[in-house]
Amino acid sequence: MHPPGRPEKSRADELLGAGVPTLVVQGGNDPFGKPAEFPEGTYELVEVPFGDHGFAVPKRAGITESETLRVITEAVRDWVRGLRE
């Protein structure tokens with residue numbers, strides 16, 4: 001969404017102007033933009049709890065790497081299936 005620590009350099013217009021169905025899978029602790037920073041739009045947003053920019057989560061987060069991968073793969077699977085409807 002923006003360079004780390006530079007929210008004034010938002011790339012929201014690119015996201016909002018995509019003109020095609022868009023899925024955003026975003027780490028909940030991503031320094032490039034936390035899910036709450038995303039503007040309302042016609043895209044679907046899925047948060048990877050505690051995930052950073054590469055979806056890594058700290059051990060203290062209480063979510064395993066397998067659970068993180070499940071969140072991502074299920075979200076993408078469901079979103080792609082929804083495109084066929």
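The values are calculated or read from the model by the stated rules, or taken from the named source; none is laboratory data. These figures come from a predicted structure and were not determined experimentally. Reconstructed Cβ throughout: ideal geometry from the backbone, glycine too, with neighbour counts over all protein chains shown. In case anyone asks, the SASA skips ligands and DNA or RNA and just uses the protein heavy atoms, side chains included. Shrake-Rupley method; radii C 1.70, N 1.55, O 1.52, S 1.80 Å.
Each label was represented as a point 7 Å from its Cα along the Cα-to-Cβ direction; for R6 and R81 these points are 4.0 nm apart.
Selection among I63, A36, A75 by position relative to the dipole of the chain gives I63 as farthest towards the positive end (Cβ unit charges, Cα centre).
Tell me what the chain gives for mean residue ellipticity at 222 nm when only DSSP H runs of n ≥ 4 count, each as -39,500 (n - 2.57), the sum divided by the residue total, rounded to 500 deg cm²/dmol. If you can, show how the numbers build up before the last one.
Details: 2 runs with 24 residues, N = 85.
That comes out to -9000 deg cm²/dmol.
Over the stretch 21-78, accessible surface divided per residue gives 63 Å², non-protein components excluded, 1.4 Å probe. Only protein atoms count toward the accessible area here, which uses a 1.4 Å probe; on the chain, the carbon and sulfur part of that area reaches 53 percent.
Only Cα pairs under 8 Å and at least 6 apart count here; give the relative contact order of the chain as a rounded whole percent. Don't jump to the answer; show the numbers that get you there.
On the way: 108 pairs, mean separation 19.9, N = 85.
In percent, rounded to a whole number, it is 23.
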